[in-house]
Amino acid sequence: MAINATEQTIEQIIQKVDNDAQLSVEELQSLLEITEHKQLQALYACAYRVKACHVGKVVYLRGLIEASNICQKDCYYCGIRVSNKRVKPFNMSQQQIVEHAVLAYEHGYRSVVIQAGERQNPTFVKHIEGALAQIKQQTQNQLRVTLSLGEQSEQTYQRWFNAGAHRYLLRIETTNPELYQQLHPADHSLQTRIDCLKTLKKVGYQVGTGVMIGLPNQTAKDLVADLLFMQQHGIDMVGMGPYIPHHDTPLGKHTASYDEQQKQQALTYGLKMIAVARILLRDVNIAAATSLHALAPNGRELGVQAGANVIMPNLTDLAYRASYQLYQDKPFINEQTALMNETLNRSISALGEKLEIADWGDSKHYQARVKSKPFHA
Ligand code: 5AD
């Protein structure tokens with residue numbers, strides 16, 4: 001196995017990518033294990049070439065709406081787990097969700113993500129279904145809606161799809177069964193999550209998944225397996241980011257906040273994963289996650305330079321933002337400029353990229369997958 005790969009072998013691996021050759025598992029792992037500055041820059045540049053070639057020099061915007069922090073799950077790493085009683089619960093009304101989406105639409109967005117803690121009860125299902133129907137109506141069906149609302153039954157996924165949702169994000173978190181078990185209570189199941197991803201695809205969604213990067217006990221080999229899982233399951237979109245400890249969680253409570261060096265390491269690992277994901281998966285949409293920005297002010301721009309092509313500015317009403325702390329030091333909780341993010345426009349343009357707000361930005365992978373099948377109206 002090519003652990004401790006020399007500069008020569010990294011160069012050779014990158015050459016293989018440039019020649020459009022498939023990489024072996026060991027080669028993918030070698031890329032994830034790069035630590036040397038020059039090699040890192042070569043990896044990012046290589047992934048960026050793949051991005052430019054397969055999805056273009058474009059970054060799509062999705063407006064993120066955090067509709068509620070109420071969650072029935074109890075994941076050991078997550079700040080809004082049900083057992084964290086320090087969280088002040090909030091739950092947007094149907095009207096508030098619709099207003100957020102319509103406001104995004106009026107500001108030029110053609111794609112939003114509605115995210116909330118997981119709830120599987122009939123009231124919640126109806127709440128979302130109603131919001132979707134109104135959004136569709138009030139935006140003349142011109143707004144692509146991504147949902148990120150956890151594990152649900154096939155019937156629920158179908159109802160939301162019928163009501164107007166187009167895409168669904170459900171992170172697998174990790175595909176290593178032992179690690180998954182360490183991170184979740186016994187009633188949370190990796191298999192259920194895999195089944196949900198299959199169901200989402202069957203229903204017709206553009207399907208996204210992702211993992212946390214740099215979890216305790218996680219290896220580069222695990223992360224390669226995660227990326228191969230995404231490839232095998234024909235995933236259209238990838239949303240993944242570095243793990244950041246939250247002090248009100250079982251996993252994070254004994255960890256001091258990251259110091260600058262740890263932040264840098266977590267950021268680098270996140271960027272390497274984006275780069276290797278781009279190299280392996282090519283035409284999928286990959287988000288430069290907000291957690292990258294939590295680790296460095298230019299984290300999302302670095303994400304784009306490592307191969308990401310989606311950014312999700314947070315449009316949630318400031319009154320709620322501080323209560324949606326999945327991890328510590330989450331950025332933008334006081335940022336008023338989310339809607340008209342001139343700064344972002346400038347920084348992305350400076351990379352030679354076009355920041356695209358008015359395009360649905362469907363995943364090219366999805367478009368290829370359903371080439372002959374028109375999208376549901
Ligand atoms: N660090 C990084 N990401 C986290 N998430 C939850 N907790 C953390 C954390 N401590 C991510 C999970 C989840 C998504 C909503 O947020 O991947 O799927």
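The values are calculated or read from the model by the stated rules, or taken from the named source; none is laboratory data. Remember, predicted model here, so these are calculated numbers, not experimental data. Reconstructed Cβ throughout: ideal geometry from the backbone, glycine too, with neighbour counts over all protein chains shown.
For the range 92-188, give me every one of the helices (runs of 4 or more DSSP H) that falls completely inside it and has 3 or more residues that are at pLDDT 95 or above and within 16 Å of the ligand (Cβ to nearest atom).
Values: elements: 94-106, 122-138, 154-163, 177-183.
Correct list: 177-183.
Tell me which residues, restricted to the range 93-110, are over 22 Å from the mean Cα position of the chain (by Cα), of a type outside the set (Ser, Thr, Tyr) and farther than 30 Å from Gly307 by Cβ.
Selection gives Gln94, Gln95, Gln96, Val98, Glu99, Val102, Leu103, Glu106.
Considering only the range 273-296, state which residues are part of a helix (DSSP H, G or I) and more than 16 Å from the ligand (Cβ to nearest atom).
We begin by selecting, within the range 273-296, every residue part of a helix (DSSP H, G or I); these are 273-281, 290-295.
Hits for the range 273-296 are Ala275, Val276, Arg278, Ile279, Leu280, Leu281.
Suppose we filter Ile80, Ile13, Ile34, Ile3 for residues that are more than 30 Å from Glu356 (Cα to Cα) and modelled with pLDDT under 95; which single one remains?
Values: Ile80 fails: modelled with pLDDT under 95; Ile13 fails: modelled with pLDDT under 95; Ile34 fails: modelled with pLDDT under 95.
Testing whether each residue is more than 30 Å from Glu356 (Cα to Cα) and modelled with pLDDT under 95 leaves just Ile3.
In the range 280-334, which residues are within 25 Å of Glu27 (Cβ to Cβ), crowded, with 23+ Cβ neighbours inside 10 Å and in contact with a His (Cβ under 6 Å, 6 or more places away or on another chain)?
Once the filter is applied, which keeps residues that are within 25 Å of Glu27 (Cβ to Cβ), crowded, with 23+ Cβ neighbours inside 10 Å and in contact with a His (Cβ under 6 Å, 6 or more places away or on another chain), the range 280-334 yields only Val284.
Can you tell which of Asn176, Asn217 is farther than 28 Å from Gln94 by Cβ and in contact (Cβ under 8 Å) with a residue 40 or more places away in the chain? Walk me through it before giving the result.
Details: Asn217 fails: in contact (Cβ under 8 Å) with a residue 40 or more places away in the chain.
Exactly one of Asn176, Asn217 is farther than 28 Å from Gln94 by Cβ and in contact (Cβ under 8 Å) with a residue 40 or more places away in the chain, namely Asn176.
Could you go through the range 233-250 and let me know if any residue there is more than 22 Å from Ile34 (Cα to Cα), crowded, with 24+ Cβ neighbours inside 10 Å and away from the ligand (no atom under 14 Å from the Cβ).
yes
Of everything in the range 75-126 that's over 19 Å from Pro313 (Cα atoms) and of a type in the set (Phe, Trp, Tyr), which residue is surrounded by the fewest Cβ atoms within 10 Å (Cβ to Cβ)? Spell out the reasoning first.
Here is the first cut: in the range 75-126, the residues over 19 Å from Pro313 (Cα atoms) are 75-91, 93-95, 118-126.
From what is left, the residues that are of a type in the set (Phe, Trp, Tyr) are 76-77, 90, 124.
Working: Tyr76: 16, Tyr77: 22, Phe90: 20, Phe124: 20.
Among those residues, the one meeting the criterion is Tyr76.
Output the number of the condition that Ile10 fails; it satisfies all remaining conditions of (1) over 22 Å from the mean Cα position of the chain (by Cα); (2) under 25 Å from Leu302 (Cα atoms); (3) in contact (Cβ under 8 Å) with a residue 12 or more places away in the chain; (4) surrounded by fewer than 20 Cβ atoms within 10 Å (Cβ to Cβ).
Unmet for Ile10, out of (1) over 22 Å from the mean Cα position of the chain (by Cα); (2) under 25 Å from Leu302 (Cα atoms); (3) in contact (Cβ under 8 Å) with a residue 12 or more places away in the chain; (4) surrounded by fewer than 20 Cβ atoms within 10 Å (Cβ to Cβ): (4).
Mind telling me which of the residues Tyr269, Tyr320, Tyr327 ends up being at pLDDT below 95 and within 16 Å of the chain's Cα centre (by Cα)? Give the derivation first.
On the way: Tyr269 fails: at pLDDT below 95; Tyr320 fails: within 16 Å of the chain's Cα centre (by Cα).
Only one candidate passes the filter, namely Tyr327.
Return the residues of the range 253-266 that are within 11 Å of the ligand (Cβ to nearest atom) and at pLDDT 95 or above; say none if nothing qualifies.
Ala266
Does Arg171 qualify as being in contact with a strand residue (DSSP E or B) (Cβ under 7 Å, 6 or more places away or on another chain), surrounded by fewer than 21 Cβ atoms within 10 Å (Cβ to Cβ) and of a type outside the set (A, V, I, L, M, F, W, C)? If you could, list the steps in order and put the result at the bottom.
Numbers: in contact with a strand residue (DSSP E or B) (Cβ under 7 Å, 6 or more places away or on another chain): yes; surrounded by fewer than 21 Cβ atoms within 10 Å (Cβ to Cβ): yes; of a type outside the set (A, V, I, L, M, F, W, C): yes.
Here the answer is yes, as Arg171 does meet what is asked.
Which of the residues belonging to the range 202-223 are in a helix (DSSP H, G or I) and over 17 Å from the mean Cα position of the chain (by Cα)? Let's see the steps before the verdict.
Start the filter on the range 202-223 by keeping residues that are in a helix (DSSP H, G or I), which leaves 202-203, 220-223.
Selection gives Lys202, Val203, Ala220, Lys221, Asp222.
Looking at Gln22, Gln15, Gln29, Gln72, which one is on the phi < 0 side of the Ramachandran plot and either buried (at least 18 other Cβ atoms within 10 Å of the Cβ) or under 19 Å from the mean Cα position of the chain (by Cα) (or both)? Before you say what the answer is, go through the steps one by one.
On the way: Gln22 fails: either buried (at least 18 other Cβ atoms within 10 Å of the Cβ) or under 19 Å from the mean Cα position of the chain (by Cα) (or both); Gln15 fails: either buried (at least 18 other Cβ atoms within 10 Å of the Cβ) or under 19 Å from the mean Cα position of the chain (by Cα) (or both); Gln72 fails: either buried (at least 18 other Cβ atoms within 10 Å of the Cβ) or under 19 Å from the mean Cα position of the chain (by Cα) (or both).
Going through Gln22, Gln15, Gln29, Gln72 in turn, the sole match is Gln29.
Lys73 is checked against (1) of a type in the set (D, E, K, R); (2) in contact with a helix residue (DSSP H, G or I) (Cβ under 8 Å, 6 or more places away or on another chain); (3) within 30 Å of Gln120 (Cα to Cα) and fails just one. What number does that condition carry?
For Lys73, the exception is condition (2).
When only residues in the range 189-214 that are away from the ligand (no atom under 16 Å from the Cβ) and in contact (Cβ under 8 Å) with a residue 60 or more places away in the chain count, which is nearest to Tyr366 (Cα to Cα)?
First, pick out the residues of the range 189-214 that are away from the ligand (no atom under 16 Å from the Cβ): 191, 195, 198-199, 201-206.
The next check asks that each one be in contact (Cβ under 8 Å) with a residue 60 or more places away in the chain; those that pass are 204, 206.
On the way: Gly204: 10, Gln206: 6 Å.
Filtering the range 189-214 for residues that are away from the ligand (no atom under 16 Å from the Cβ) and in contact (Cβ under 8 Å) with a residue 60 or more places away in the chain, the one nearest to Tyr366 (Cα to Cα) comes out as Gln206.
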